[in-house]
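Undergrad: Take a look at the following structure, please.
Derivation of every value follows stated rules applied to the coordinates shown; laboratory data play no part. Since the structure is predicted, the reported quantities are computational estimates derived from the model, not experimental observations. Neighbour counts are summed over all protein chains in view; Cβ atoms, including those assigned to glycine, are modelled from backbone coordinates with ideal geometry.
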């Protein structure tokens, strides 16, 4: 199985002095389905006014991608296991630290899913199993070395590859 996923990232200089770092980091991400998202560097990395905190930054998008992939995989698995889900909300949190070489990276992401069921709910062991399987089958999680944790899932809490 081989698929391509495309995104167009577009930036244009605006600012008084590019060579001194005084330029806007605002740009756009356009996806193959036609949606365009306003993006910027994180203001924790490049200060305002050169970053726009209202726009999506790469670190937020990374955390959102992990959360979204986990959720979509988990929903599929929960349905196959006979659990009807009304809603799923995750306030995922990523943490940036420095690696052994002193280079910043998103070293950990904690998923905090709040799930509402229409009927029967999984017990703690089944919940842990579903989240563990979701992590194992999530395309994005399989593509990174970041430690992903699902809060409140004891038996399958930390996932690494």
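Undergrad: Apply 1/(1 + (r/R0)^6) to the Cβ-Cβ distance of residue 100 and residue 27, taking R0 = 35 Å, and write down the FRET efficiency to the nearest 0.05.
TA: Efficiency, from the Cβ-Cβ distance: 0.70.
Undergrad: Need one number: nm distance between label points at residue 17 and residue 121, each 7 Å from Cα along Cα→Cβ, rounded to one decimal.
TA: The answer from the label model is 5.9 nm.
Undergrad: Hey, another quick one. So for each of 135-144, 45-54 I average, over its residues, the number of other beta carbons within 10 Å; can you give me the resulting order with the highest mean first?
TA: Those peptides, ordered most packed to least, come out 135-144, 45-54.
Undergrad: Further question: Which angle between 0 and 90 degrees, to the nearest 10, do you get for helix 58-80 versus the longest principal axis of the chain when only C-alpha atoms count?
TA: For helix 58-80, the angle is close to 20 degrees.
Undergrad: If you line up the long axis of helix 124-137 against the longest principal axis of the chain, both from Cα atoms, how many degrees apart are they, to the nearest 10?
TA: 50 degrees
Undergrad: Next up: Which whole-number percent of Cα pairs in the chain have a distance greater than 21 Å?
TA: The share of Cα pairs beyond 21 Å in the chain comes to 56 percent.
Undergrad: In Å and whole numbers, how far do the C-alpha atoms of the stretch 1-56 stretch along each principal axis, longest first?
TA: So the three principal-axis extents are 45, 20, 19 Å.
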